[in-house]
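What follows is one structure encoded as structure tokens, with my remarks underneath.
The values are calculated or read from the model by the stated rules, or taken from the named source; none is laboratory data. All values derive from a computational prediction rather than experimental measurement. FYI the Cβ positions are ideal-geometry reconstructions off the backbone, even for glycines, and counts take in every protein chain you see.
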Amino acid sequence: MGLMILKKQLIMNIGKTENDLIITETMVKDSLDSFVNKPIVQFANPLGNSKIIGYIQGNICIENNDVYADIFLIDSYKDKWKGKYDNWGITLDDDKESFQLDFIEVF
């Protein structure tokens, strides 16, 4: 089992989510520190035993309302990564002005 690094991969869109939450560029900028080393999971399990297939390595940047980062991915799961995330999990801070990234999810 090896790791592969993928440069500048789409990990989040800025804007309105499917749940009507609005993620702003300011929120993302205030939360960027929480992105480093967060797991990429294959279908997040609410019971807490999700399969980790990679993680966010760094070089996180915002361009045109999209958030990109370099990621490490276990090479046997490369077919699960289609160049972008499918979902992500966050925990909003009490002030609702920033958040902590919990994971990036692929299906």
Residues that are exposed (fewer than 13 other Cβ atoms within 10 Å of the Cβ) and closer than 12 Å to F99 by Cα, drawn from region 30-54 | D33
Where in the chain are there strands (runs of 3 or more DSSP E), lying wholly inside it, with at least 1 residues that are free of Cβ contacts under 8 Å to residues at least 24 places away in the same chain and within 14 Å of the chain's Cα centre (by Cα)?
-> 51-63, 87-92
Taking the stated definitions as given, is D79 surrounded by 15 or more Cβ atoms within 10 Å (Cβ to Cβ) and either of a type in the set (D, E) or more than 15 Å from L101 (Cβ to Cβ) (or both)?
-> no
Out of the residues in region 56-107 that are modelled with pLDDT under 95 and of a type in the set (G, A, S), state the one that is farthest from S31 (Cα to Cα).
-> S76
